[in-house]
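**Student:** One structure, as structure tokens, below. Some questions next.
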Amino acid sequence: CSTGTLESQTAIEVGHIFYLGDKYSDALDLLVQHDGKWLPVQMGCYGIGVSRVLQAAAECSSSSRGLRWPVSIAPYLATLVPLNGNMEHATSVFATLSNICVDNVRVFADNVIVDDRSYLSPGFKLNDAQLLGIPITVVLGQKFKQSGHVEVQLRVPRLELGTCVAGVEVQGDGYEYKAFVHVDRLAEFLVGALEGQF
């Protein structure tokens with residue numbers, strides 16, 4: 001161009017397009033008729049690097065506060081973190097999470113991990129959950145023993161929630177949202193909060 005301004009921008013290469021010309025069509029005697037003449041086919045190819053897609057997602061959705069995997073490629077959708085002797089209740093909350101259905105699909109089945117490392121402090125477990133980038137952390141803390149409420153932490157890229165989801169008060173800053181939800185309403189809350197993510 002003779003006019004305009006060239007700008008430098010940061011980019012991540014996740015795919016390639018290669019012009020192969022007639023290298024392979026000549027070898028294969030692959031011809032096409034054009035304007036009455038037989039010519040070798042001009043070829044090209046493209047590829048997407050799976051590991052590059054993961055790297056790009058990590059790069060685009062992480063910050064100093066940790067990694068936030070998009071729901072579609074997260075290694076797990078949720079981590080269950082029982083604190084203060086609540087390990088005995090983890091099985092029932094795990095079952096509740098595993099049975100959540102969206103469009104008749106159990107989206108959390110085989111997608112929930114339980115942090116059962118009893119030798120670690122609560123802070124260490126919660127920090128690990130954030131650093132691993134699991135989109136949903138369900139904490140069984142003191143409120144669970146008292147009233148059956150779990151703390152739900154949502155760290156999902158591009159998730160925008162109001163101050164109330166499914167009748168539950170939500171607090172957040174756009175990066176992370178938190179809510180205290182009675183375990184009986186956990187499915188309703190998560191389906192409402194994550195609408196359109198699955």
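**Student:** For an R0 of 22 angstrom, estimate the FRET efficiency from the Cβ-Cβ distance between residue 106 and residue 50 and round to the nearest 0.05.
**Tutor:** Given R0 = 22 Å and the Cβ-Cβ separation, E is 0.30.
**Student:** Still on this structure, please answer the following. Over the range 75-198, with the other protein chains present, what is the accessible area per residue in square angstrom, probe 1.4 angstrom? Numbers along the way, then the final one.
**Tutor:** Numbers: 6290 Å² over 124 residues.
Accessible area per residue, the range 75-198: 51 Å².
**Student:** To continue, here is another question. When the accessible area of the chain is computed with all protein chains present and a 1.4 Å probe, what percentage of it is carbon and sulfur?
**Tutor:** Heavy-atom surface of the chain belonging to carbon and sulfur, 1.4 Å probe: 53 percent.
**Student:** Something else: State, to one decimal in nm, how far the label point of residue 160 lies from the label point of residue 13, with both points 7 Å from Cα in the Cβ direction.
**Tutor:** A separation of 3.4 nm, rounded to one decimal place.
**Student:** Now for a separate question. Please report the net charge: other residues with Cβ closer than 15 Å to the Cβ of residue 187, K and R +1, D and E -1.
**Tutor:** Working: positive: 106, 185; negative: 103, 184, 188, 195.
Cβ neighbours under 15 Å give a net charge of -2.
**Student:** Right, another one. Within straight cross-link reach of residue 37, meaning Cα distance under 26 Å, which lysines are found once same-chain residues fewer than 8 apart are removed?
**Tutor:** 23
**Student:** Pick out, in residue order, every one of the trypsin sites (Lys or Arg not before Pro) in the range 138-198 that is DSSP loop and has at most 13 other C-beta atoms within 10 Å; say none if there are none.
**Tutor:** 158
**Student:** Related question: Per residue of the chain, what 222 nm ellipticity follows from adding -39500 (n - 2.57) for every DSSP H run with n ≥ 4, rounded to the nearest 500? Spell out each step's value before the answer.
**Tutor:** On the way: 6 runs with 53 residues, N = 198.
The helix-only estimate for the chain comes to -7500 deg cm²/dmol at 222 nm.
**Student:** Could you tally the net charge around residue 43, taking each other residue with its Cβ under 14 Å from the Cβ of residue 43, Lys/Arg +1 and Asp/Glu -1?
**Tutor:** Within the 14 Å Cβ shell, the charges total -2.
**Student:** A follow-up question, please. How charged is the neighbourhood of residue 152? Take every other residue with its Cβ under 13 Å from the Cβ of residue 152, and add Lys/Arg as +1 and Asp/Glu as -1.
**Tutor:** In short, 0.
**Student:** In terms of Cα to Cα distance under 26 Å, which lysines are near enough to residue 143, apart from those fewer than 8 places away along the same chain?
**Tutor:** Result set, ordered by chain and number: 125, 178.
**Student:** Provide the percentage of antiparallel DSSP beta bridges, counting only those with both residues in the range 42-147; round to the nearest 5. Could the numbers behind the result be given before it?
**Tutor:** Working: 4 of 12 bridges.
Expressed as a percentage, antiparallel bridges in the range 42-147 total about 35.
**Student:** Now, a different point. Please identify every one of the chymotrypsin sites (Phe, Trp or Tyr not before Pro) in the range 100-178 that sits in a loop by DSSP and has no more than 15 other beta carbons within 10 Å of its own beta carbon. Working shown, then result.
**Tutor:** Details: sites: 108, 119, 124, 144, 175, 177; in loops: 108, 119, 175.
Answer by residue number: 119, 175.
The values are calculated or read from the model by the stated rules, or taken from the named source; none is laboratory data. Keep in mind that this is a model prediction, so the values were computed, not measured. Note that we place each Cβ from the backbone using ideal geometry, even for glycine, and neighbour counts take in every protein chain shown. In case anyone asks, the SASA skips ligands and DNA or RNA and just uses the protein heavy atoms, side chains included. Shrake-Rupley method; radii C 1.70, N 1.55, O 1.52, S 1.80 Å.
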